[in-house]
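Undergrad: Next up is a structure, given as structure tokens.
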Amino acid sequence: MTSNELATLLNNNVSLPEAAEIQAFETLIDMRLPEDYRAFLALTRGGRPSAHVVFSLDGEEIGSEYLRRVAGLNPDPDVSLEERHRMATACDIPEGLLSIMSDAGGNHIAIALRPDRFGEIFFLDHEVSGGEGRPSLEEAEGENWGYAIRFASSFSEMVAGFEIDRP
């Protein structure tokens, strides 16, 4: 799948974000977003896919997971990047990550914004999180927490692994 194809599955006759809205969000988080993700944000305000989009983690069969929500520059708190940024601590999103999607089970998919891991994508498996407070990425990947699973090296690579489940 491509970013354009994913955006098409999310668009529901709402106006697309303008460059100034993307820049305003970047100002809010005090960080420029990775270019491939930034380009995707210009194509959609996010939402729930109109088709059953499936993916897998390493070692799983395709279709083991499916996409429920894609965040964007959307006022709906359920799919708002601003709301996800604001609620990061309450949701145990590791420092330096921004939740951009969630799967059917409520697990977050997040993009790294810190310079040393910039643009990497992580699947955050809430069923195995076990610490208290907001962890660093290293803690979330480590043995004691173990819930941050590196999913892809970039947003584009992650989306390329998405498929539409055709019964």
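Each value in this text was obtained by applying a stated rule to the coordinates, not by laboratory testing. In this text, all values refer to a predicted model and were calculated from it rather than measured experimentally. Note that we place each Cβ from the backbone using ideal geometry, even for glycine, and neighbour counts take in every protein chain shown.
Undergrad: Given (1) buried (at least 16 other Cβ atoms within 10 Å of the Cβ); (2) out of contact with any Leu (no Cβ under 8 Å at 6 or more places or on another chain), where does Thr44 come up short, assuming only one miss?
TA: Condition (2) is where Thr44 drops out.
Undergrad: Moving on to the next point. May I ask you to verify whether Ile29 is in contact (Cβ under 8 Å) with a residue 12 or more places away in the chain, surrounded by fewer than 16 Cβ atoms within 10 Å (Cβ to Cβ) and more than 16 Å from the chain's Cα centre (by Cα)? Explain how you work it out, then say what you get.
TA: Numbers: in contact (Cβ under 8 Å) with a residue 12 or more places away in the chain: yes; surrounded by fewer than 16 Cβ atoms within 10 Å (Cβ to Cβ): yes; more than 16 Å from the chain's Cα centre (by Cα): no.
It is false that Ile29 is in contact (Cβ under 8 Å) with a residue 12 or more places away in the chain, surrounded by fewer than 16 Cβ atoms within 10 Å (Cβ to Cβ) and more than 16 Å from the chain's Cα centre (by Cα).
Undergrad: Please name all residue pairs, on different chains or six or more residues apart, with Cβ atoms under 7 Å, provided the first residue is in the stretch 63-90 and is in contact (Cβ under 8 Å) with a residue 24 or more places away in the chain and under 9 Å from Gly47 (Cα atoms) and the second residue is of a type in the set (A, V, I, L, M) and surrounded by fewer than 16 Cβ atoms within 10 Å (Cβ to Cβ).
TA: Arg68/Ala104
Undergrad: Same structure again: Looking at (1) surrounded by 12 or more Cβ atoms within 10 Å (Cβ to Cβ); (2) part of a helix (DSSP H, G or I); (3) free of Cβ contacts under 8 Å to residues at least 24 places away in the same chain, which is the one condition that is false for Leu6?
TA: It fails just one condition, (3).
Undergrad: Restricting to the stretch 35-57, give me the number of residues that are over 19 Å from Ala20 (Cα atoms) and touching a residue at least 60 places away in the same chain (Cβ under 8 Å). I'd like the intermediate steps shown before the answer.
TA: Step one: of the stretch 35-57, the residues over 19 Å from Ala20 (Cα atoms) are 47-57.
Those still in the list that are touching a residue at least 60 places away in the same chain (Cβ under 8 Å) too: 51-57.
Qualifying residue count for the region: 7.
Undergrad: Further, regarding this structure: State all residues of the stretch 72-108 that are in contact with a His (Cβ under 9 Å, 6 or more places away or on another chain) and surrounded by 15 or more Cβ atoms within 10 Å (Cβ to Cβ); if no residue qualifies, say none. Don't jump to the end; show me each part of the working.
TA: Kept after step one, since they are in contact with a His (Cβ under 9 Å, 6 or more places away or on another chain), are these residues of the stretch 72-108: 84, 91-93, 97-102, 105-108.
Matches in the stretch 72-108: Arg84, Cys91, Asp92, Ile93, Leu97, Leu98, Ser99, Ile100, Met101, Ser102, Asn107, His108.
Undergrad: Given (1) more than 17 Å from the chain's Cα centre (by Cα); (2) farther than 30 Å from Gly146 by Cβ; (3) assigned to a loop (DSSP other than H, G, I, E, B), where does Leu43 come up short, assuming only one miss?
TA: The one condition Leu43 does not meet is (1).
Undergrad: Name the single residue that is nearest to Asp103 (Cα to Cα) among those in the stretch 52-71 being surrounded by 13 or more Cβ atoms within 10 Å (Cβ to Cβ) and among the charged types (D, E, K, R).
TA: By that ranking, first place goes to Arg68.
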